[in-house]
Amino acid sequence: METLTAESYMEGLYEEDAVLTRVKEVIVAKNMPEISIAPGYGRLLTMMVTMIGAKRVLEIGALGGYSGICLARGLKEGGKLLSLELKQDFADVARDNVIEAGLGDFVEYRIGEALDHLNALLEQGERFDFFFIDADKVNYPNYLELAIKLANPGAIIAGDNTLMRGKVVDEKQTKASVQAMRTFNQRIANDPRLESTILPAYDGLALARVK
Ligand SMILES: C[S@@+](CC[C@H](N)C(=O)[O-])C[C@H]1O[C@@H](n2cnc3c(N)ncnc32)[C@H](O)[C@@H]1O
């Protein structure tokens, strides 16, 4: 009998999600990186957006739209997901997948450096109820600071890959991206503007509530 991990055991309890399976197939077919959020965390994103009744959601890092679909599934009529993506071709794939999932009216993509978009949103006085950080790791501390500034009181900030496949707990790993993730995790845990936890399943997920 095949040995199950905790994650594969739990995933086996759920029926296949045909929409998300298709997204993963498209990602493979288009030779895009297979780095969508883990299924268990995707379900958690949908639940959290629903639970807090988020109206405005901001995603940093779209890839093929897997997490975008999970976030948009939690929105009600009139809700909006703004998704920031560096690469035009990835955003095009994500948009197609979100439309195919029947969620096209909920999602807008903006292409380019996320930091530029975040600073512009701040200047425009925009505010959001939910943030999902899942882009270049070296900028995680910057994304966190801007998310806090763009947050409505009570907003949730989620950040994926907080363990970087074990690199953050390996002292020998000194790359800038690993050090940035350690800084991000420290700030998530200690910033007085936040209450938070960091889940160690899959590749680690930070969850913070802006006070
Ligand atoms: C881990 S993938 C996102 C996965 C996606 N959130 C999901 O779970 O379906 C990271 C994405 O961030 C994008 N990205 C990387 N650096 C970026 C930057 N500086 N600004 C905006 N997007 C960036 C990449 O092109 C890639 O699509």
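So which residues in segment 170-192 are within 16 Å of the ligand (Cβ to nearest atom) and either part of a strand (DSSP E or B) or among the hydroxyl-bearing types (Ser, Thr, Tyr) (or both), if there are any at all?
Taking segment 170-192 and keeping what is within 16 Å of the ligand (Cβ to nearest atom), we get 175-178, 180-181, 184.
Scanning segment 170-192 gives a single hit, SER177.
Output the residue which, of all residues in segment 117-134 that are touching a residue at least 24 places away in the same chain (Cβ under 8 Å), surrounded by fewer than 22 Cβ atoms within 10 Å (Cβ to Cβ) and among the aliphatic types (A, V, I, L, M), is farthest from GLN88 (Cα to Cα).
Ranking the candidates gives LEU122 first.
Got a sec? Which of ASP92, ASP17 is within 24 Å of ILE111 (Cα to Cα), more than 9 Å from the ligand (Cβ to nearest atom) and modelled with pLDDT of 95 or more? Outline the logic, then answer.
Details: ASP17 fails: within 24 Å of ILE111 (Cα to Cα).
The conditions single out ASP92.
Restrict the check to segment 100-119 and report whether at least one residue is hydroxyl-bearing (Ser, Thr, Tyr) and near the ligand (Cβ under 10 Å from one of its atoms). Show your work before the answer.
Taking segment 100-119 as the starting set, the residues that turn out to be hydroxyl-bearing (Ser, Thr, Tyr) are 109.
Adding the requirement that they be near the ligand (Cβ under 10 Å from one of its atoms) leaves none.
No; the residues of segment 100-119 include none that is hydroxyl-bearing (Ser, Thr, Tyr) and near the ligand (Cβ under 10 Å from one of its atoms).
Any residue at all in segment 146-169 that is in a loop (DSSP other than H, G, I, E, B), buried (at least 20 other Cβ atoms within 10 Å of the Cβ), out of contact with any Lys or Arg (no Cβ under 9 Å at 6 or more places or on another chain) and among the polar types (S, T, N, Q)?
Yes, some residue in segment 146-169 is in a loop (DSSP other than H, G, I, E, B), buried (at least 20 other Cβ atoms within 10 Å of the Cβ), out of contact with any Lys or Arg (no Cβ under 9 Å at 6 or more places or on another chain) and among the polar types (S, T, N, Q).
Take segment 66-89 and flag every residue that is more than 14 Å from the ligand (Cβ to nearest atom) and under 22 Å from ASP160 (Cα atoms). Quick ask: steps written out before the conclusion?
Step one: filter segment 66-89 for residues more than 14 Å from the ligand (Cβ to nearest atom), giving 74-80.
Across segment 66-89, the qualifying residues are GLY74, LEU75, LYS80.
Which one of the conditions (1) away from the ligand (no atom under 12 Å from the Cβ); (2) over 21 Å from THR162 (Cβ atoms); (3) in contact with a helix residue (DSSP H, G or I) (Cβ under 9 Å, 6 or more places away or on another chain) does THR46 fail to meet, given that it meets all the rest?
All conditions pass for THR46, except number (2).
Would you tally the residues in segment 121-140 being more than 8 Å from the ligand (Cβ to nearest atom), farther than 22 Å from PRO153 by Cβ and among the aliphatic types (A, V, I, L, M)?
First, the residues of segment 121-140 that are more than 8 Å from the ligand (Cβ to nearest atom): 121-131, 133, 137-138, 140.
Those left that are additionally farther than 22 Å from PRO153 by Cβ: 137-138, 140.
With the extra rule that they be among the aliphatic types (A, V, I, L, M), the set shrinks to 138.
Residues in segment 121-140 being more than 8 Å from the ligand (Cβ to nearest atom), farther than 22 Å from PRO153 by Cβ and among the aliphatic types (A, V, I, L, M): 1 in total.
The values are calculated or read from the model by the stated rules, or taken from the named source; none is laboratory data. Quick caveat, the model's predicted, so the values are computed rather than measured. We place every Cβ from the backbone using ideal geometry, glycine too, and count neighbours over all the protein chains shown.
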